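The values are calculated or read from the model by the stated rules, or taken from the named source; none is laboratory data. Since this is a predicted model, take the numbers as computed values, not measurements. Cβ coordinates were reconstructed from backbone atoms using ideal geometry, including for glycine residues, and neighbour counts include every protein chain displayed. Note: accessible area is taken over every heavy atom of the protein model, side chains too, but ligands, DNA and RNA are not part of it. Shrake-Rupley method; radii C 1.70, N 1.55, O 1.52, S 1.80 Å.
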Amino acid sequence: MRTIAEFEAAARERLDPAHYDYFAGGAQDEITLRDNEEAYKRLRLVPRVLRGSDKRDLSVDLLGTPSSMPILVAPTAFHRLAHPDGELVTARAAARAGTIMIVSMASTTAIEDIAAAAREVAPDPGLWFQLYLQPDLEFTEAIVRRAENAGIKAFVVTVDSPVLGRRERDDRNAFHDLPSGLFVENLRNIGENRSGGNTSHSIHAPATTLNGGASRRSHVREIVMSAGLNWDHIAWLRSKTKLPVLIKGLLHAEDARLAVHHGVAGIVVSNHGGRQLDTVPATIDVLPEIAAAVGGALPVLLDGGIRRGTDVVKALALGADAVGVGRPVVWGLAAGGREGVSEVLEMLRADFDQALALCGGRHPADLTPDQVRR
Ligand SMILES: Cc1cc2nc3c(=O)[nH]c(=O)nc-3n(C[C@H](O)[C@H](O)[C@H](O)COP(=O)(O)O)c2cc1C
Ligand SMILES: O=C(O)C(=O)c1ccccc1
């Protein structure tokens, strides 16, 4: 296969239509979903000449985690809907590519097993862990400890989901629960100690209430979206871990300034792949103002709509230190398992390398904003 679009077509043929819709879909009219990709098509690249090199170095270091390229695996839920071995396969492919995988808290494989699979391939894999902070902070802390013990290197707190976006495809398909046998494994066995019905957002850990110890089914509804989250909760998490804490899902320059002010380690400019608030801007369109607001104070990552090497070049030129890919990885997984994910990542690497060369760059950091125009 030659393009991400071909992988998507192959994945679509293999997937249950409701599961394809879950992966592919966005919120409401899917205006932002489409715009994430369309926005790149509106931008033009202006190459520099006579300053390239036969040897290019695509590697980057992100908050102490080395990555062989500035293209990361964005956190996406439920990989076992796409392939029987789910996240184990994705983790091996990411480790083989030498890139960072941001594991979703809503993975259908336990973080310990994901880390073990990555270690089969690379001794020190770059795994980060995405968190939805739960109203019960003691419960959240237990997940944090689990992920730390598994050897993850950073936490990425998703902040664009005070409530879940309305995905009309899922409503139409009545897709609201995982099929039997699949679970949100990172919440299993922690749920037994969860204090029932606590929806306050105290930044102090509430007392644990044991609730019987019956094994809890951990499906999608067990992840609570927390509309009451604020910067104090980010400070709380920072106080609970020595690992870098990034926040994912901001689009406003003022929030980027606040992120710097509150001492987060990095930010991910994201609209959740158009799955949360519809009609927000494409991420690439807000990147310049966010990069300006941050002024190099911390690493800026971006995701949403990256399908080509030229998309990566545009994002890096406009101020991103790295990009994430969500759906393309899922399409590789569904279409071809580990080989499929590897092919997707290597296709993006080769495409980015070629576009970088054509732009006169040797290293991701060589790309500059004057090389992109509307
Ligand atoms: C099927 C699916 C599941 C996702 N699950 C999560 C998740 O569990 N946590 C999260 O922070 N973001 C999640 N996202 C958002 C991605 O991390 C990322 O922001 C988005 O997919 C990037 O856009 P792209 O798919 O166009 O590359 C999900 C996205 C998709 C498509
Ligand atoms: O589907 C998603 O985009 C997502 O982020 C999510 C949220 C809760 C449970 C599973 C996935």
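Within the chain, what whole-number % of the accessible surface is contributed by carbon and sulfur, with the 1.4 Å probe and all protein chains included in the calculation?
Working: 7690 of 15350 Å².
Answer for the chain: carbon and sulfur cover 50 percent of the accessible area.
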Ordering of 269-277, 45-53 by packing [mean C-beta count within 10 Å, highest first]: 269-277, 45-53
Degrees, to the nearest 10: 327-358 long Cα axis against longest axis of the chain: 30
Antiparallel bridges, percent of DSSP beta bridges restricted to the chain (to nearest 5): 15
Positive-end extreme of charge dipole, region 4-373 - chosen from Val300, Ala18, Leu237 (charges on Cβ): Val300
Long-range amide H partners of Val103 with built H, under 5 Å: Trp128, Phe129, Gln130
Karplus 3J(HN,Hα) series, Hz, for region 360-374 with 6.51 cos²θ - 1.76 cosθ + 1.60 (x for Gly, Pro): x, x, 10, 9, x, 6, 6, 7, 10, x, 5, 8, 10, 9, 7
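Quick one: length gained pulling Asp29 to Ala350 fully straight, 0.36 nm per residue minus the C-alpha distance? It would help to have the intermediate numbers written out before the result.
Numbers: separation 321, 0.36 × 321 = 115.56 nm, distance 3.36 nm.
That works out to 112.2 nm of additional length.
Just to confirm, what accessible area per residue do you get for region 4-373 at 1.4 Å probe, in whole Å²? Write out the running numbers ahead of the final one.
On the way: 14860 Å² over 370 residues.
On a per-residue basis, region 4-373 sits at 40 Å².
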Principal-axis tilt of helix 111-121 within the chain, Cα atoms, nearest 10 degrees: 40
Dipole of region 1-94, positive direction: furthest Cα of Thr3, Pro75, Leu43, with charges on the beta-carbon: Leu43
In order through region 268-285: 3J(HN,Hα) via Karplus (6.51 cos²θ - 1.76 cosθ + 1.60), integer Hz, x for Gly, Pro: 10, 6, 7, 10, 6, x, x, 9, 9, 8, 6, 6, 6, x, 4, 4, 5, 6
Other-chain or far-sequence residues with amide H under 5 Å of Val372's (modelled H): Val46
With 20 Å bins from 0: P(r) over the chain, alpha-carbon pairs, percent: 30, 61, 9, 0
Separation of the Arg257 and Arg48 label points, Cα + 7 Å toward Cβ, nm: 3.0
Computed E for Arg166/Ala365 - FRET, C-beta separation, R0 35 angstrom, nearest 0.05: 0.30
Point-charge dipole on Cβ atoms (K/R +1, D/E -1) for the chain, about Cα centre, debye to 20: 460
Whole-Å distance, taken between Cα centres, linking region 247-313 and region 110-124: 29
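Using mean Cβ contacts within 10 Å as the protection proxy, how do 130-141, 254-265 order, highest first?
Working: 130-141: 21.8, 254-265: 16.6.
Ranking, from highest mean packing down: 130-141, 254-265.
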Nearest-ten-degree value, helix 137-150 long axis tilted from longest Cα axis of the chain: 60
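At a 10 angstrom cut-off on C-beta neighbours, averaged per residue, how do the peptides 121-129, 93-101 rank from highest to lowest?
Working: 121-129: 19.7, 93-101: 25.1.
The packing order, highest mean first, is 93-101, 121-129.
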Cα→Cβ-extended label distance, 7 Å offset, between Ala235 and Asp113, nm: 3.9
Count of lysine pairs in the chain with Cα separation under 19 Å (8 or more residues apart, or interchain): 5
Listed residues Trp128, Thr109, Leu187: farthest to the positive end of the dipole of the chain (Cβ charges): Trp128
Cut-off under 5 Å, modelled amide H: who pairs with Val157 long-range: Leu131, Leu246, Ile247, Lys248
Residue-level accessible surface for Trp331, protein heavy atoms, 1.4 Å, Å²: 0
